[in-house]
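Enquirer: Following this message is one structure expressed as structure tokens.
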Amino acid sequence: MSCTLLTFTSKAVPLSSLAVGQHGLVSSVSGAPTGRSDRLVSLGITPGAVVTMLQRFPGVVFFCDQTELAVERAVADAILVRPMEDVR
Amino acid sequence: MSCHVVREHAGAGPAVLTLRSRPLRVALVGQPNVGKSVVFGRLTGRYVTVSNYPGTTVAITRGRALVGAQVCDIIDTPGVNALEGDVSEDERITRDVLTSDGADLIVQVADARNLRRALMLTAQIAAFGKPMVLALNMVDEAWARGISIDAADLSAVLGIPVVETVAIDGQGFSDLREALARAAVAGAPVGRTSIDRAAWANDLTGRVRRQSTLSLSRIPDLIARATRQPLTGLPILAVVLYALYLFVGVFGAQTLVRLLEDGVFGRGINPASIWLVDRFMPVPFVHDFLVGQYGLITMGLTYAIAIVLPVVTTFFLMFGFLEDSGYIPRLAIFCDRIFRVMGLNGKAVLPMVLGLGCDTMATMTTRILGTPKERLIAILLLALGIPCSAQLATILGILGGVSLAALMTLFVVVLGQMFLVGWLAARVLKGDRSEFIMELPPIRWPRLGNLLTKTRLRVWWYLGEAVPLFLAGTVLLFVLDRLGALIWISRVAEPVVTGLLGLPAATAQILVMGFLRRDYGAAGLFQLAHSGQLTGVQAVVALTVMTLFVPCVANFLIMVRERGLRVGLAIVGVITPVALLTGAGLNYVLHALDVHF
Ligand SMILES: Nc1nc2c(ncn2[C@@H]2O[C@H](COP(=O)(O)OP(=O)(O)O)[C@@H](O)[C@H]2O)c(=O)[nH]1
């Protein structure tokens with residue numbers, strides 16, 4: 001049985017542009033200075049991961065797999081996600 | 001997308017637990033902080049120290065365990081996030097254990113809350129082709145969050161035993177021991193890219209994991225949200241700071257200090273030692289050395305134990321509480337932007353807050369920062385502007401009795417200097433700042449035992465480091481006094497101290513003591529103020545200079561150990577003029593504006 005009831009639009013946008021409470025499907029991590037993508041991957045931010053925006057100010061905080069991650073704006077700009085509409 | 005996975009059923013595989021001549025080597029592998037050390041302790045009955053500081057667990061721990069009739073060697077490996085590609089020092093050690101035929105069987109310990117990340121590691125472990133068992137640890141926390149995992153289904157897909165455990169109370173451990181006999185090579189996509197592994201882990205997680213929505217209303221989650229959002233977070237920060245002030249500044253620095261200084265030392269130890277000395281060694285020199293004005297007992301020990309110890313202990317208790325509750329990383333979100341101007345990122349909040357307890361200890365924890373430039377700036381700012389707990393107690397004790405405006409003046413000037421020096425350092429120094437990426441641990445109620453152990457170790461460390469220096473400083477002062485050098489130093493420094501800073505000449509001597517031990521000098525200032533020798537403006541100027549001034553000898557030595565003698569001297573060379581010029585400027589401005597606090 002599948003419990004995925006989410007659909008997503010296909011255009012990838014920066015994580016930082018998600019609204020609070022909105023979900024996104026990670027598609028890639030771009031413009032990475034060395035080490036950035038390695039650090040993010042090891043924290044579970046890989047293509048296909050589902051993230052949820054929790055807070056945009058003063059720092060970006062998002063949720064991924066029961067883990068809250070806080071990042072600065074530049075990092076949130078570099079994570080590309082496809083926004084998902086929750087149709088439940 | 002579907003995955004075609006070759007399954008090897010455990011029943012068909014070779015029995016791993018046959019009697020053999022040497023012990024079966026079982027390696028525990030898992031991501032950091034999944035509870036591996038606790039699992040190790042449960043299996044072997046041995047306790048390994050649980051350390052929170054990174055870079056401290058490089059060695060591998062081994063222990064014996066009897067599983068059925070089979071003797072096993074359990075190997076605890078450093079936590080790993082990846083085993084392929086560019087790996088860290090810790091990860092290389094773990095990989096070596098798995099490749100060099102150091103282990104016959106692998107137990108992957110996973111955090112049940114985070115199955116997807118665990119499965120990405122499972123796929124990498126499977127590549128070593130060794131029989132394995134998956135232990136889903138922390139299922140208690142997962143259940144509390146409304147997460148459940150179909151372990152039977154997961155086991156069927158992977159073709160390995162999957163056991164749910166709660167390491168801290170031993171749940172699931174008989175299942176885990178029994179499962180070792182059924183260990184098998186996992187059927188996971190081997191040898192593909194990390195993207196493929198991630199997709200596979202995603203699909204499988206979606207299949208076996210159920211999440212109910214009830215989880216969001218848990219109280220700790222509500223607190224977690226409140227602490228990181230500005231609207232609620234800033235008032236909470238204010239409350240935390242006020243609680244810190246009440247517990248450390250009032251209860252520690254006033255109530256306990258009075259109890260120890262006036263009671264235990266003033267009425268007990270000091271009169272008793274004076275009596276003992278005069279009775280058994282009635283030599284003036286011995287009297288002065290042990291129990292005189294700069295006496296080893298009456299000054300050194302009294303300051304170390306009666307004035308500083310209560311402040312340090314209450315501070316470390318409070319700090320440990322904030323650390324274990326998961327609050328401090330959330331504070332980093334608020335500090336990130338401000339710290340970035342000074343070439344740091346939000347992570348630096350940990351050493352900065354710890355510096356309010358002891359700058360020397362905080363200087364050592366700057367190792368958690370990402371780049372050499374960040375470490376250097378943090379060390380500089382700790383030495384320059386962060387008052388340690390004894391200084392803070394002095395500041396609050398003296399200026400609290402003057403006025404709030406006096407207190408605010410000092411904090412604004414000190415913070416302004418830190419900001420300015422940090423801003424300049426960020427521009428002048430070569431190197432990079434690292435990006436702010438921080439995992440926020442769940443908010444939880446700290447466990448009392450852990451908190452007490454931590455505080456005890458820190459206070460112990462402090463005593464071992466501080467008391468000998470206090471005593472050495474006291475001896476030095478005694479010698480200088482005997483040689484008449486104190487008067488000479490005061491005379492040399494007098495033009496600066498009285499002219500430039502507008503302070504009484506006696507302050508010169510206190511500044512010298514301040515270098516031997518920063519908090520020690522602070523305590524000396526305390527006495528001066530209490531005997532009514534300082535005006536309000538003088539108190540503000542003296543305390544500002546003291547806060548900004550050259551760190552204590554211990555801090556200097558640690559700076560040299562961490563960054564080398566050249567850097568240590570350079571930091572002192574920057575701080576000394578900054579402190580004196582700021583004090584002179586402040587003195588000038590306050591007089592020009594005719595301010596009286
Ligand atoms: N609630 C809960 N906490 C656990 C469990 N196992 C370990 N812990 C806690 O998780 C923290 C990390 O454990 P540790 O063994 O140091 O992790 P390691 O880094 O993997 O060795 C410790 O505070 C443990 O007390 C568990 O099954 N349930």
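The values are calculated or read from the model by the stated rules, or taken from the named source; none is laboratory data. Quick caveat: nothing in here was measured; it's all calculated off a predicted structure. We place every Cβ from the backbone using ideal geometry, glycine too, and count neighbours over all the protein chains shown. Note: areas computed on protein heavy atoms with side chains; ligands, DNA, RNA excluded. Shrake-Rupley method; radii C 1.70, N 1.55, O 1.52, S 1.80 Å.
Enquirer: Would you point out which residue out of B:257, B:264 is within 30 Å of residue B:300 (Cβ to Cβ) and surrounded by 15 or more Cβ atoms within 10 Å (Cβ to Cβ)?
Expert: Numbers: B:264 fails: surrounded by 15 or more Cβ atoms within 10 Å (Cβ to Cβ).
After ruling out the rest, the residue left standing is B:257.
Enquirer: Across segment B:428-453, what is the total count of residues that are open to solvent by 30 Å² or more (accessible area, probe 1.4 Å), in contact (Cβ under 8 Å) with a residue 12 or more places away in the chain and within 14 Å of the ligand (Cβ to nearest atom)?
Expert: 7
Enquirer: Given the criterion open to solvent by 20 Å² or more (accessible area, probe 1.4 Å), more than 25 Å from residue B:81 (Cβ to Cβ), of a type in the set (Val, Ile, Thr) and within 14 Å of chain A (Cβ to nearest Cβ), identify the matching residue among B:195, B:223. Explain how you work it out, then say what you get.
Expert: Values: B:195 fails: more than 25 Å from residue B:81 (Cβ to Cβ).
After applying the criteria, what remains is B:223.
Enquirer: Considering only segment B:142-159, state which residues are within 10 Å of the ligand (Cβ to nearest atom) and touching a strand residue (DSSP E or B) at 6+ places or on another chain (Cβ under 8 Å).
Expert: Within segment B:142-159, just B:142 meets the criteria.
Enquirer: Restricting to segment B:526-556, what's the tally of residues that are out of contact with any Ser or Thr (no Cβ under 6 Å at 6 or more places or on another chain), within 25 Å of residue B:295 (Cβ to Cβ) and modelled with pLDDT of 80 or more?
Expert: So the answer is 7.
Enquirer: Can you pull out the residues in segment B:102-132 that are away from every other protein chain (no Cβ under 11 Å) and of a type in the set (A, V, I, L, M)?
Expert: Of segment B:102-132, the ones away from every other protein chain (no Cβ under 11 Å) are B:102-110, B:122-132.
Answer for segment B:102-132, where residues must be away from every other protein chain (no Cβ under 11 Å) and of a type in the set (A, V, I, L, M): B:103, B:105, B:106, B:107, B:109, B:110, B:123, B:125, B:126, B:127, B:132.
Enquirer: List, please: which pairs have Cβ atoms under 8 Å, are six or more places apart or on different chains, and start with a residue in segment A:70-88 that is over 12 Å from residue A:51 (Cα atoms) and open to solvent by less than 20 Å² (accessible area, probe 1.4 Å) and end with one that is of a type in the set (S, T, N, Q) and at pLDDT 90 or above?
Expert: Note: pairs meeting the criteria are A:72/B:345.
Enquirer: Residues of segment B:105-119 being among the hydrophobic types (A, V, I, L, M, F, W, C) and farther than 16 Å from residue B:206 by Cα, which ones? Give the steps one after another, and end with the answer.
Expert: Pass one, segment B:105-119, residues among the hydrophobic types (A, V, I, L, M, F, W, C): B:105-107, B:109-110, B:112, B:115, B:118-119.
Residues satisfying the conditions are B:105, B:106, B:107, B:109, B:110.
Enquirer: So is residue A:68 within 9 Å of chain B (Cβ to nearest Cβ) and in a strand (DSSP E or B) or not?
Expert: Working: within 9 Å of chain B (Cβ to nearest Cβ): yes; in a strand (DSSP E or B): yes.
Here the answer is yes, as residue A:68 does meet what is asked.
Enquirer: Return the residue satisfying two criteria in turn: it lies in segment B:160-173 and is part of a loop (DSSP other than H, G, I, E, B) and open to solvent by 10 Å² or more (accessible area, probe 1.4 Å), and of such residues it is nearest to the ligand (Cβ to nearest atom). Let's see the steps before the verdict.
Expert: First, the residues of segment B:160-173 that are part of a loop (DSSP other than H, G, I, E, B): B:160-161, B:165, B:167-170, B:172.
With the extra rule that they be open to solvent by 10 Å² or more (accessible area, probe 1.4 Å), the set shrinks to B:168-170, B:172.
Numbers: B:168: 4, B:169: 7, B:170: 9, B:172: 9 Å.
Filtering segment B:160-173 for residues that are part of a loop (DSSP other than H, G, I, E, B) and open to solvent by 10 Å² or more (accessible area, probe 1.4 Å), the one nearest to the ligand (Cβ to nearest atom) comes out as B:168.
Enquirer: A further question follows. Between B:145, B:210, which is of a type in the set (Lys, Arg) and open to solvent by less than 70 Å² (accessible area, probe 1.4 Å)?
Expert: B:145
Enquirer: Does residue B:343 satisfy the condition of being assigned to a loop (DSSP other than H, G, I, E, B), within 14 Å of chain A (Cβ to nearest Cβ), open to solvent by 10 Å² or more (accessible area, probe 1.4 Å) and not charged (D, E, K, R)? Don't jump to the end; show me each part of the working.
Expert: On the way: assigned to a loop (DSSP other than H, G, I, E, B): yes; within 14 Å of chain A (Cβ to nearest Cβ): yes; open to solvent by 10 Å² or more (accessible area, probe 1.4 Å): no; not charged (D, E, K, R): yes.
No.
Enquirer: Scanning for something modelled with pLDDT of 65 or more, within 16 Å of the ligand (Cβ to nearest atom), open to solvent by 40 Å² or more (accessible area, probe 1.4 Å) and among the basic types (Lys, Arg), does segment B:30-44 turn up at least one residue?
Expert: Looking through segment B:30-44, at least one residue is modelled with pLDDT of 65 or more, within 16 Å of the ligand (Cβ to nearest atom), open to solvent by 40 Å² or more (accessible area, probe 1.4 Å) and among the basic types (Lys, Arg).
Enquirer: Something else: Being in the same structural domain as residue B:361 (by TED's automatic domain parsing), over 24 Å from residue B:477 (Cβ atoms) and open to solvent by 20 Å² or more (accessible area, probe 1.4 Å), is that true of even one residue in segment B:286-297? Lay out the reasoning, then the answer.
Expert: First pass over segment B:286-297, keeping only residues in the same structural domain as residue B:361 (by TED's automatic domain parsing): B:286-297.
Narrowing further to those that are over 24 Å from residue B:477 (Cβ atoms): none.
No, segment B:286-297 contains no residue that is in the same structural domain as residue B:361 (by TED's automatic domain parsing), over 24 Å from residue B:477 (Cβ atoms) and open to solvent by 20 Å² or more (accessible area, probe 1.4 Å).
Enquirer: Could you pull out the residue among B:204, B:180, B:176, B:231 that is assigned to a helix (DSSP H, G or I), more than 16 Å from residue B:116 (Cα to Cα) and within 14 Å of chain A (Cβ to nearest Cβ)?
Expert: Details: B:204 fails: more than 16 Å from residue B:116 (Cα to Cα); B:180 fails: within 14 Å of chain A (Cβ to nearest Cβ); B:176 fails: within 14 Å of chain A (Cβ to nearest Cβ).
The unique qualifying residue is B:231.
Enquirer: Sticking with this structure for a sec: Quick check, is residue B:233 modelled with pLDDT of 90 or more and not polar (S, T, N, Q)?
Expert: On the way: modelled with pLDDT of 90 or more: yes; not polar (S, T, N, Q): yes.
Answer is yes for this residue.
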